[in-house]
Amino acid sequence: MELKRGKLVRFNSDDKKHKERLWGATEPPALKPSNLLPLGKNRIAETFRIGGSKVFPEDHEPWRKRILDPGSEIVLKWNRVFIVSCLVALFVDPLYFYLPSVIENTGSSCVRTDLTLRIVVTFLRTIADIFYLLHLIIKFRTAYVAPSSRVFGRGELVMDPKKIARRYVRSDFFIDFIATLPLPQMVIWFIIPATRSPQTDHKNNALALIVLLQYIPRLYLIFPLSSQIIKATGVLGAAWYLLSVDRYTTCWKSFCKKEHNSENCFLYLDCSYLNIELRKIWANSTNVFSSCDPTNDDISFKYGIFENAVKKHVVSSSFIPKYLYCLWWGLQQLRYDLVFP
């Protein structure tokens, strides 16, 4: 009995000293399955965790040189954040269509650009562009699974930055790059003001084309959700509003061509000439606006599906009422599509 006790005490003592030599402490850390691997395999599979993400290079590497694991927590969280930012951006882009606005006075009207809305939309769009830029940078630093290793399980991750960049450039880089460019901001702040002239077209076709061209790659980034997003975000109603303004001004221009001094007529359609005395004299003598009044049943010009926007003064309303009305109009079209697909 005493011999057994001695062996028991000696075992605990030796074991304690042995553990102190290994860990430098009386209490060893908990064993994990990775600790049981051979040293070589441990070193290959070694990663460190920052915010729940797996990053492959050594600790002394700066963040800009680290490669992210595509299955790590930080990449998955970023993808969720980016999807939300994409949805917000799809709601922001149609707001560009509301920039042209009509000012209706008694017997006279003109077209202007809403400066306050232009500033707000530019700010929101720039914030959205920053998220697209960050997404583009992150994709340059995210590893991918080598196609040749996809046999069983996950496969081998390619962590070479040059190979990652080469593969990204050959696949989705140009779509992401086009979606990131601040093209609408450049159009409304630099291109349109620089090209103003008496013959400048008030349709804003350039702005509409740029916004729609960028809308396509942005929809592609969240393609599984895009089937109903176009209508739900209000782009239908916004496009209907822009075309309504276009239709209204087209009527003005058609009657301007019949006037003796058609050049001044085109010039006076811009609200920047609204307070000029010669413009006031012209407005009292012209029949352009009375000939385009949709409440007059005798007019020869037809507005078609845009009649309500002109007759109910949606084109000259403040932003909130016209946005809600156009959104309601777009949702009506969505309802008709669901009932009569």
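Miscellaneous remarks
- Among the criteria (1) β-branched (Val, Ile, Thr); (2) under 30 Å from Leu242 (Cβ atoms); (3) assigned to a helix (DSSP H, G or I), the one Val111 does not fulfil is (3).
- Selection from region 302-324 of residues that are touching a residue at least 40 places away in the same chain (Cβ under 8 Å) and crowded, with 16+ Cβ neighbours inside 10 Å: Tyr303, Phe306, Ala309, Val310, Val314, Val315, Ser316, Lys322, Tyr323
- Among residues of region 98-144, those that are of a type in the set (Lys, Arg) and open to solvent by less than 50 Å² (accessible area, probe 1.4 Å), counted: 2
- Any hit, region 214-222, residues being free of Cβ contacts under 8 Å to residues at least 60 places away in the same chain and either open to solvent by 40 Å² or more (accessible area, probe 1.4 Å) or farther than 29 Å from Phe82 by Cα (or both): yes
- Test: residue in region 46-61 that is farther than 30 Å from Pro294 by Cα, at pLDDT 75 or above, surrounded by 17 or more Cβ atoms within 10 Å (Cβ to Cβ) and among the hydrophobic types (A, V, I, L, M, F, W, C): no
- Residue in region 262-275 that is surrounded by the fewest Cβ atoms within 10 Å (Cβ to Cβ), counting only those that are out of contact with any Phe, Trp or Tyr (no Cβ under 8 Å at 6 or more places or on another chain) and assigned to a loop (DSSP other than H, G, I, E, B): Asn275
- Residue count for region 276-301 satisfying the condition of being among the hydroxyl-bearing types (Ser, Thr, Tyr), surrounded by fewer than 19 Cβ atoms within 10 Å (Cβ to Cβ) and at pLDDT 85 or above: 3.
The values are calculated or read from the model by the stated rules, or taken from the named source; none is laboratory data. All of these numbers come straight from a predicted model, not from anything done at the bench. Quick reminder, even Gly has a Cβ in these numbers, built from the backbone with ideal geometry, and neighbours come from all protein chains shown. We work out accessible area using only protein heavy atoms, side chains counted, and drop any ligands, DNA or RNA first. Shrake-Rupley method; radii C 1.70, N 1.55, O 1.52, S 1.80 Å.
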